[in-house]
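Structure first, commentary second.
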Amino acid sequence: MTDDISRAYADIDFSPLEALTGDEVITHSPVRDVRLPSGNVLALVTLDNGRDHTRPNTLGPATLAELGETLATLKRRAAAGEIHAVAITGKQYILAAGADLSDVAKLPSKDVARLIAQRGHQVIGSLSELGVPSFAFVNGLALGGGLEIALNSTYRTVDASAAAVALPEVFLGIIPGWGGAYLLPNLIGIENALEVVISNPLKQNRMLKPQQAFDLGIMDAIFPAASYLEDSLRWADGVLTGRVKVERKNEPGKLERLTKWPIAIKMARGMLESKIGTVPRSPYVALDLLDKAKSGTKAEGFAREDEALADLITGDQFAASMYAFDLVQKRAKRPVGAPDKALAKKVTKVGVIGAGLMASQFALLFVRKLRVPVIITDLDQGRVDKGVASIREEIGKLEAKGRLDGDTANQLRALVHGTTDRNEFADCDFVIEAVFEEVGVKQEVFSAIEKIVADDAILATNTSSLSVAEIGSVLKNPERLVGFHFFNPVAVMPLIEVVKTDATSDAALSTAFVVAKGLGKNAVLTADAPGFVVNRLLAKVMGEAARAVYEGTPLTVVEKAFAPLGLPMGPFQLIDLVGWKVAAHVQDTMAHAFPDRFFSSENFHELAALPEVVEKDKGGRVTGWTKAAQKVLVTGKTPVAPETILARVQDGLAQEIKIMLDEGVVPEVQDIDLCLILGAGWPFIDGGASPYLDREGASQRAFGDTFHHPPIRGIGG
């Protein structure tokens, strides 16, 4: 066994990292010796920060320094023959949640940033150079650096009940920088590594279950929670004595390195370009590291990770990602402006007005998450029956996928009821409408239902852009009405805009926030302004795209002009997803409210009447208009350059966000960014919109200042 890693990092001065330990909750690494049945002695290191499971172990500079000393001592003991193996595990439910990034903003330079990567490699990498086998007992959550502890160990077991196993770094704009990008593909093969390192983080930060980690070959053994440590110790003893043979079927051979590896990398690159464009840096840096991992030494692989991590961690995209991560992890969980939850009305039955697609999605979500009776209604029994059948069919699909057991599925089906008799809504505590997006229609259904339900029942409208106050103006008790705007698809999108009018009571607002939380959604409070937050700003994006087309700019040029925004899809791909009729309605609403700032064109209505408007490639990207669309489009002959289109949308967004803040649509710009991240898929690497607009100079151009002081930038930015 060589000491290549120890030698590579032996002469580095890590003292500059000491300045970053001020706020660190140190994870300690106490050791106890365990005598195994064979007589071998195993030194068991337990990572523990002294907090309960709600505050996971993290790996900051002071933690790594202590762990490094612990492992150095164990290496000396191994050389003296005192111990025959080392194992590392964590406190209850947690191995480690990765690096402690809380003080990254204080990094003074790229050189110090590189030290973070090098320190991790030096300390965690020493697990493979102790002179005796090392075992990682992954007893719970293992993310990022936590999983890299396991990868640097000789052998790995996992608790079958562990919360999650993942390398989520690409999601945050960086890469696995403590061995993951080199070790993982050499352990489980390139295709599996691409899934774990790149694909999963880009799928809303998907994590692995323990069984999946075992099946991929990341873990060598999996044991039940009840006897996990005992089983792991017994298994380790078997490995040490030769009784247990560890087979790794997914380890790549020479043929995979020569043939499959370059093909997989090429395919992954093409997939990335079609799905996310080329603006995000970290997925491509990770891809290059995985590519180069097919050859060379571990020390060379670690050195590449050092440089890549130092480069990314000091860049603008990581700074914006950390801002976005903080919004989603903290601000979203404590909604600004939400009244005391003690004021909320207890919801024991939900009514849904409407039985179409959106209404059925609502009903399914309410019944699944709240486990209360849900009743739906519509104009005739045929529509009601179709809606109920649709909900029960979706419950059946969840059951078939194993996401619901048979008893639960039957209970949920029994809780759903459809009727044309609105009197059955009398005992509903919370009633939401999903009817046609027209003020008069919504006023009519609420006027009728208000006469039936109790005086303190909460009424909620899912309007996407209409005035909630106007809808409630016909009510006897308008204070009970609240905006409760979902995003499509309802089951997936995590945001609900909770809209408050001047009349809305604290009880209604509180109920809305409590219900949103019960549904597993993040709620953001907004004022009753046209388009609220997300649709108002998306209308600006779509309007500028429509304006450019109207002027005569080719469709593909317009789509490409928006690429630097880093959005998950181009403007016309987005319009095609939400629906051309919906887009036309939203644009009309915004242009009517603010004719000097929003563009609306009759083109939208003409296109909305067609069965198909745009043509797409296999990746879903828009490639052109259909022949039918070309016939009805009215365009000018003054095409606009892509950079002009981009500047227009940047400046327009900056101006509109500033106006929204001045009008008090939301309390702070952080709430706008949170809405865009959760409701429109605005990328973490932008930090929502405001940090991006500050960096691009759009804020300065639009209103002579920036949203953030100082602007959110990387080191030296």
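Assorted remarks:
- In the stretch 401-437, the residue that is farthest from LYS349 (Cα to Cα) out of those that are surrounded by 13 or more Cβ atoms within 10 Å (Cβ to Cβ) and acidic (Asp, Glu) is GLU437.
Okay, residues lined up against (1) closer than 30 Å to GLN655 by Cβ; (2) assigned to a helix (DSSP H, G or I); (3) in contact (Cβ under 8 Å) with a residue 12 or more places away in the chain:
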| site | (1), (2), (3) |
| --- | --- |
| ILE496 | yes, no, yes |
| ASP502 | yes, no, yes |
| THR511 | no, yes, yes |
| VAL514 | no, yes, yes |
| GLY520 | no, no, yes |
| LEU525 | yes, no, yes |
| PHE532 | yes, no, yes |
| ARG547 | yes, yes, yes |
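- Screening TYR182, TYR155 for residues that are under 28 Å from GLY315 (Cα atoms), more than 20 Å from the chain's Cα centre (by Cα) and open to solvent by 20 Å² or more (accessible area, probe 1.4 Å) leaves exactly one candidate, TYR182.
- Any hit, the stretch 222-232, residues being aliphatic (A, V, I, L, M), under 21 Å from GLY90 (Cβ atoms) and not in a helix (DSSP H, G or I): yes
- Odd one out for GLN118 among (1) assigned to a helix (DSSP H, G or I); (2) touching a Leu at 6+ places or on another chain (Cβ under 6 Å); (3) open to solvent by 10 Å² or more (accessible area, probe 1.4 Å): (2)
- In the stretch 254-291, the qualifying residues are those that are β-branched (Val, Ile, Thr), surrounded by 13 or more Cβ atoms within 10 Å (Cβ to Cβ) and in a helix (DSSP H, G or I), and the one that is modelled with the lowest pLDDT is ILE276.
- Candidates VAL634, VAL649 - the one that is farther than 30 Å from LYS333 by Cα, of a type outside the set (Lys, Arg) and surrounded by fewer than 20 Cβ atoms within 10 Å (Cβ to Cβ): VAL634
- The residues listed here are ALA338, ALA303, ALA342; of these, the one that is in a loop (DSSP other than H, G, I, E, B) and open to solvent by 30 Å² or more (accessible area, probe 1.4 Å) is ALA338.
- Members of the stretch 193-229 that are among the polar types (S, T, N, Q) and within 18 Å of PRO280 (Cβ to Cβ): SER199, ASN200, GLN204, ASN205
- Odd one out for VAL453, checked against (1) assigned to a loop (DSSP other than H, G, I, E, B); (2) under 27 Å from ALA591 (Cβ atoms); (3) β-branched (Val, Ile, Thr): (2)
- Residue list for the stretch 223-248, filter: open to solvent by less than 40 Å² (accessible area, probe 1.4 Å), under 22 Å from ALA162 (Cα atoms) and without any contact (Cβ under 8 Å) to a residue 12 or more places away in the chain: SER227
- Exactly one residue out of LYS451, LYS442 is of a type in the set (Lys, Arg) and crowded, with 20+ Cβ neighbours inside 10 Å: that is LYS442.
- Filtering the stretch 125-152 to residues that are of a type in the set (Val, Ile, Thr) and either in contact with a Ser or Thr (Cβ under 9 Å, 6 or more places away or on another chain) or not in a helix (DSSP H, G or I) (or both) leaves VAL132, VAL138.
- So PHE484, is it at pLDDT 95 or above, in contact with a strand residue (DSSP E or B) (Cβ under 7 Å, 6 or more places away or on another chain) and in a helix (DSSP H, G or I): no
- Residues that are within 20 Å of the chain's Cα centre (by Cα) and of a type outside the set (A, V, I, L, M, F, W, C), drawn from the stretch 185-197: GLU195
- Some residue of the stretch 474-482 being open to solvent by less than 10 Å² (accessible area, probe 1.4 Å) and in contact with a Phe, Trp or Tyr (Cβ under 8 Å, 6 or more places away or on another chain): yes
- The strands (runs of 3 or more DSSP E) found entirely in the stretch 1-111 that carry 1 or more residues being farther than 30 Å from PRO710 by Cβ, open to solvent by 40 Å² or more (accessible area, probe 1.4 Å) and in contact with a Leu (Cβ under 7 Å, 6 or more places away or on another chain) are 31-35.
- Selection status of GLU251, open to solvent by 60 Å² or more (accessible area, probe 1.4 Å) and outside any helix (DSSP H, G or I): yes
- Any hit, the stretch 587-601, residues being over 30 Å from PHE325 (Cβ atoms), open to solvent by 50 Å² or more (accessible area, probe 1.4 Å) and within 30 Å of the chain's Cα centre (by Cα): no
- Pair list, Cβ < 6 Å and 6+ apart or interchain, from the stretch 698-717 residues that are assigned to a loop (DSSP other than H, G, I, E, B) to residues that are acidic (Asp, Glu): THR706/ASP694; PHE707/ASP694; HIS708/ASP694; PRO711/ASP694; ARG713/ASP316; GLY714/ASP316; GLY717/ASP316
- Which listed residue, of LYS369, LYS397, LYS386, is farther than 19 Å from THR420 by Cβ, open to solvent by 30 Å² or more (accessible area, probe 1.4 Å) and either in a loop (DSSP other than H, G, I, E, B) or out of contact with any helix residue (DSSP H, G or I) (no Cβ under 8 Å at 6 or more places or on another chain) (or both): LYS397
- Residue selected from the stretch 661-682 under the condition assigned to a loop (DSSP other than H, G, I, E, B), touching a Leu at 6+ places or on another chain (Cβ under 9 Å) and farther than 20 Å from GLY570 by Cβ, by the criterion least open to solvent (accessible area, probe 1.4 Å): VAL666
- Note on the stretch 494-510: among residues that are among the aliphatic types (A, V, I, L, M) and open to solvent by 10 Å² or more (accessible area, probe 1.4 Å), the one that is farthest from LYS345 (Cα to Cα) is ALA503.
- Residue in the stretch 99-113 that is closer than 29 Å to ASP231 by Cα and out of contact with any Pro (no Cβ under 8 Å at 6 or more places or on another chain) present: yes
- Single unsatisfied condition, MET569 versus (1) more than 16 Å from LEU481 (Cα to Cα); (2) aliphatic (A, V, I, L, M); (3) modelled with pLDDT of 90 or more: (3)
- Which listed residue is in contact with a Gly (Cβ under 6 Å, 6 or more places away or on another chain) and not β-branched (Val, Ile, Thr), from PRO642, PRO683: PRO683
- Residue satisfying condition, being acidic (Asp, Glu), more than 19 Å from LEU172 (Cβ to Cβ) and modelled with pLDDT under 95, within set ASP48, ASP52, ASP103: ASP52
The values are calculated or read from the model by the stated rules, or taken from the named source; none is laboratory data. These numbers were taken from a predicted model, which means no experiment stands behind them. Note that we place each Cβ from the backbone using ideal geometry, even for glycine, and neighbour counts take in every protein chain shown. Side chains are part of the model used for accessible areas, which takes the heavy atoms of the whole protein and leaves out ligands, DNA and RNA. Shrake-Rupley method; radii C 1.70, N 1.55, O 1.52, S 1.80 Å.
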